[in-house]
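The values are calculated or read from the model by the stated rules, or taken from the named source; none is laboratory data. Computed from a predicted structure; not experimentally measured. Using ideal geometry, Cβ is built from the backbone for each residue, glycine included, and neighbour counts are taken over all protein chains shown.
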Amino acid sequence: MPTRRDVLRLIAVPLAGLAFAGRPGLLLAQAEAVGNETWRWWKEAVVYQIYPRSFMDSDGDGVGDLPGIVSKLDYIAALGVDVVWLCPHYPSPNVDNGYDVSDYRAVSPLFGTMADFDALVAGLKARGIRLIVDLVVNHTSDQHPWFERSRSARDAPGRDFYIWRDGRDGGPPSNYPSLFGGPAWTRDDTTGQYYLHLFAPQQPDLNWDEPRVRAEVHDIMRFWLDRGVSGFRLDAITFISKQPGLPDLTPDELRDPTRVYADGPHRDDYLREMDREVLSHTDAMTVGEAGGVSAEGARTLTDARRHELDMVFTFALVGLARTVESPSALLPAMRRIIAERDRAAGDDGWVASYLENHDQPRSLSHFGDPDLAWRTRSAKVLATLLLTQRATPFVYQGEELGMANYPFTSIEQIEDVRAKREWRERIESGAVPAAVALDALRHTGRDNARTPMQWTAGLQAGFTTGRPWLPVNPDAVTVNAAGEGADPNSVLLFYRCLIALRKRVPALVHGAWRDIDPDHPVVFGYTRTLPDAACLVLMNFGREPIAYRLPPGVLAGEVLLSSEAGTGPAPGVPVVQLAGWQSLILSTAPAL
Ligand code: GLC
């Protein structure tokens, strides 16, 4: 096992001659502390997220499947990622594309068989890649046998697996809103009581205060761990503990109910119990979806001393796609959020870095510049941002190609349950004109990220031989994996280089993060510093070239990676020429 001295010697190896090929080894020795931070394998991992419906279809039914994923394992391995996160693969009525699970211990027939699942685990393992699966246990499908039993009578065994209440004044028990529009309570005719569903009515919330529910969850986790998975992405996990009495929300709380939903009194106890019962016996990783949680709250959840979660997805950064319209306001907001979450994480927490997933619009379309002349360049800047944080990066399928939002022209083209419910609510109530609602969906709708993966310039982008469940983005003729794999200037090849660089430069994973020029309007620059080595990341978030003067005390060393071939400053020069939408990663002096 290398000692700390060996590691520092490794860091000091001249970095300019890096070869960006092959699978890297571990950056730091297991169990070795980095400053005050504890080493864990998943801190050095890069995760690739797969939405199985949209990744690759092997049987021509228009829906992606597990054999489709297996056929693309070499593509995934060539990216250099260490972990695949597979979105729900369980049997489901698919009201919410698998996030309404009707059987937790099986594979959806749409996606294949358990043998296909085993083949996926084995194929990944053969390539040195681990698999984590989505665990959707804040709620089940209303067609799960537990719910069918629970709803059958007031005194049914297992009634209290879910949350039932009498109505109030002829209406729901409280004013809780569903996060998908409408009330979070639905009256069930069989017993005349209401059940709680923070999402769609077909997604009833489980009652985590019932110990048998928690025991079932632990058992499900063991089932998949025994099948070879290396961890879980825990869906909507901050909502598992409900407020005592489920009282009405105040008008202020109604503006963002997730803050209340995430703040139940037993959330942390239930997570610690899960750790004690299941996770502490493995080296599995967890990443929780943490709606309603601030940067400080994320630290609490991921503080290694508390044994709750390894990392969480918070929403502040991706939420800017919905809240900030002006490009000039975007960069200051982004850097503030990144600085805040890094500061909050400190030595004991850990951050999950992401700009996209299956619930968010494509990052290029909002944070980048989708104009044809700039899309490749700006996608590389976003890649740099994603992969150079003190955090575990999560790359969402197609992000590595620079995929963009879909040009939706009608609500008929949209499948997403949330979008359809919100549409009905807003249009039917006359609150918003249809054109405005459609424009909002074009910018922020979840289906933007769910259109088929673009493999080739051919028919249906090579995703299916049939009719795809969502239309293929017309830009697939120019933005696709086959074309980009053969183009040295592509977004895809840049991702491969960046991931390889991150593997070889410990400062990019573990180094302290410092914004070198927080008020600069277009250049986002930060250092990543370990005691004996450091990097400087510079990104131009605009089209105009800029002669950027480094702040006093910041020195440019050798270029480790530039998004523009053959450019970069000579070492020691205080002014760095940055082309429009260029990113540069340099070595710098560690004393900073
Ligand atoms: C999470 C999932 C999302 C799903 C919701 C309800 O937010 O990411 O896709 O709709 O939970 O399960």
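Being part of a helix (DSSP H, G or I) and in contact with a strand residue (DSSP E or B) (Cβ under 6 Å, 6 or more places away or on another chain) is the filter; apply it to segment 381-405 and report the residue that is nearest to VAL479 (Cα to Cα).
VAL381
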ask   = Which one is farthest from the ligand (Cβ to nearest atom), of the residues in segment 296-309 that are crowded, with 21+ Cβ neighbours inside 10 Å and not in a loop (DSSP other than H, G, I, E, B)?
value = ARG299
Among (1) within 20 Å of GLU356 (Cβ to Cβ); (2) more than 16 Å from the ligand (Cβ to nearest atom); (3) of a type in the set (A, V, I, L, M), the one test that ALA437 misses = (1)
task = May I ask you to list the residues in segment 276-290 that are crowded, with 16+ Cβ neighbours inside 10 Å, over 22 Å from the mean Cα position of the chain (by Cα) and not aliphatic (A, V, I, L, M)?
result = GLU277
note = ASP65 vs (1) over 19 Å from ARG227 (Cβ atoms); (2) among the acidic types (Asp, Glu); (3) crowded, with 23+ Cβ neighbours inside 10 Å; (4) more than 14 Å from the ligand (Cβ to nearest atom): all pass except (1)
ask   = Can you tell me how many residues in segment 406-428 are buried (at least 19 other Cβ atoms within 10 Å of the Cβ), free of Cβ contacts under 8 Å to residues at least 60 places away in the same chain and away from the ligand (no atom under 16 Å from the Cβ)?
value = 1
query = Going through segment 361-387 one residue at a time, which ones are closer than 16 Å to LEU493 by Cβ, within 18 Å of the chain's Cα centre (by Cα) and of a type in the set (Ser, Thr, Tyr)?
reply = THR384
message = The conditions are (1) among the small types (Gly, Ala, Ser); (2) at pLDDT 95 or above; (3) away from the ligand (no atom under 16 Å from the Cβ), and ALA431 fails exactly one of them. Which is it?
response = (2)
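Checking the condition surrounded by 18 or more Cβ atoms within 10 Å (Cβ to Cβ), of a type in the set (A, V, I, L, M), in a helix (DSSP H, G or I) and within 16 Å of the ligand (Cβ to nearest atom), which residue from VAL293, VAL312, VAL318 passes?
VAL318
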remark   = Reported set for segment 112-157 where residues are over 21 Å from the mean Cα position of the chain (by Cα), more than 16 Å from the ligand (Cβ to nearest atom) and assigned to a loop (DSSP other than H, G, I, E, B) is GLY112, THR113, ARG127, GLY128, ARG151, SER152, ALA153, ARG154, ASP155, ALA156, PRO157
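For residues in segment 273-287 being assigned to a helix (DSSP H, G or I) and not aliphatic (A, V, I, L, M), which is nearest to GLY228 (Cα to Cα)? Lay out the reasoning, then the answer.
Keep residues of segment 273-287 that are assigned to a helix (DSSP H, G or I), which gives 273-277, 279-281.
Filter once more, so that each one left must be not aliphatic (A, V, I, L, M): 273, 275-277, 280-281.
Values: GLU273: 22, ASP275: 18, ARG276: 20, GLU277: 18, SER280: 16, HIS281: 14 Å.
Selected residue: HIS281.
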task = Taking the options ARG159, ARG212, name whichever one is at negative phi and touching a residue at least 40 places away in the same chain (Cβ under 8 Å).
result = ARG212
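Only one of ASP65, ASP74, ASP59 is of a type in the set (D, E, K, R), in contact with a Leu (Cβ under 8 Å, 6 or more places away or on another chain) and at pLDDT 50 or above; which?
ASP65
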query = Pick from GLY568, GLY525, GLY483, GLY542: which is out of contact with any Phe, Trp or Tyr (no Cβ under 6 Å at 6 or more places or on another chain), modelled with pLDDT under 95 and over 13 Å from ALA383 (Cβ atoms)?
reply = GLY568
key: Where a residue in segment 341-361 is under 18 Å from THR529 (Cβ atoms) and in a helix (DSSP H, G or I) and its partner, wherever it lies, is away from the ligand (no atom under 15 Å from the Cβ) and not hydrophobic (A, V, I, L, M, F, W, C), with Cβ under 6 Å and at least six apart   = ASP342/ARG390; ALA345/ARG299
remark   = Selection from segment 441-467 of residues within 16 Å of the ligand (Cβ to nearest atom) and either surrounded by fewer than 19 Cβ atoms within 10 Å (Cβ to Cβ) or not aliphatic (A, V, I, L, M) (or both) yields THR444, GLY445, ARG446, ASP447, ASN448, ARG450, THR451
query = Residues SER326, SER363, SER353: which one is hydroxyl-bearing (Ser, Thr, Tyr), within 24 Å of PRO407 (Cβ to Cβ) and either surrounded by 23 or more Cβ atoms within 10 Å (Cβ to Cβ) or modelled with pLDDT of 95 or more (or both)?
reply = SER363
message = Among the residues that make up segment 231-243, is at least one of them hydroxyl-bearing (Ser, Thr, Tyr) and touching a His at 6+ places or on another chain (Cβ under 8 Å)?
response = yes
Flag for LEU401 being surrounded by 21 or more Cβ atoms within 10 Å (Cβ to Cβ), in contact (Cβ under 8 Å) with a residue 60 or more places away in the chain and aliphatic (A, V, I, L, M) = yes
message = Among the residues in segment 468-479, are any free of Cβ contacts under 8 Å to residues at least 12 places away in the same chain, surrounded by fewer than 21 Cβ atoms within 10 Å (Cβ to Cβ) and not hydroxyl-bearing (Ser, Thr, Tyr)?
response = no
